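Chemist: If you scroll down you'll find the structure; I have some questions about it.
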Amino acid sequence: MAKKVLIVEDNELNLRLFRDLLEAHGAEVRTIRDARDALEAMRAFLPQLVIMDIQLPHISGVDLIKAMKADPALDSVPVMAVTAYAGKGDEGRVREAGADAYVSKPISVSRFVLAVEGLAGPLGDGFKRAG
Ligand code: MN
């Protein structure tokens, strides 16, 4: 069974990179560009992993993670935070909110996939079905 992964990312290039990488490894991917739609999309899709950009317009990734952890339907979903700035204290702030892993941009492709599979397990069956 393909793992369900939801990506919250406002940067189109990063969004496509993450989606392509995850789909190439067999995941079923949903993408959210507007943070205001994220929680509703998570409740509908019930992902097995969330990739969360931290710098988002309207609602920060940290606040979204906190909201997930306060929601019984979402509090057990692992979260991998992705962020461009890695200032001192940022990783602590993100982990304190409840993120299970933290990767800084620009990402290393192999490290990204390792971190994802470390949280979610193998993403797919290892082969693509026709159709
Ligand atoms: Mn962003």
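Chemist: Quick check on this structure: which one of Arg43, Arg33 is basic (Lys, Arg), within 14 Å of the ligand (Cβ to nearest atom) and at pLDDT 95 or above?
Modeler: Going through Arg43, Arg33 in turn, the sole match is Arg33.
Chemist: If Ser60 meets every condition in (1) in contact (Cβ under 8 Å) with a residue 60 or more places away in the chain; (2) on the phi < 0 side of the Ramachandran plot apart from one, which number is that one?
Modeler: Here Ser60 meets the rest and fails (1).
Chemist: Look at region 1-19 and say how many of its residues are under 14 Å from Met80 (Cβ atoms), under 11 Å from the mean Cα position of the chain (by Cα) and not charged (D, E, K, R).
Modeler: The total comes to 5.
Chemist: Of the residues in region 3-29, how many are farther than 13 Å from Phe112 by Cβ and crowded, with 17+ Cβ neighbours inside 10 Å?
Modeler: Filtering region 3-29 down to residues farther than 13 Å from Phe112 by Cβ leaves 3-4, 6, 8, 10-13, 15-16, 23, 26, 28-29.
This time we only want the ones that are crowded, with 17+ Cβ neighbours inside 10 Å, so: 3-4, 6, 8, 15, 26, 28-29.
Matching residues across region 3-29 total 8.
Chemist: Separate question: Filter region 50-69 down to residues that are touching a Gly at 6+ places or on another chain (Cβ under 9 Å) and within 17 Å of Leu119 (Cα to Cα) and give me whichever is nearest to the ligand (Cβ to nearest atom).
Modeler: Asp53
Chemist: Checking Arg36 against (1) surrounded by 16 or more Cβ atoms within 10 Å (Cβ to Cβ); (2) in contact with a His (Cβ under 6 Å, 6 or more places away or on another chain), which single condition isn't satisfied?
Modeler: Single failed check for Arg36: (1).
The values are calculated or read from the model by the stated rules, or taken from the named source; none is laboratory data. If you're wondering where the values come from, they're calculated on a predicted model, not measured in any experiment. No Cβ is skipped: glycine too gets one built from the backbone with ideal geometry, and neighbour counts run over all protein chains shown.
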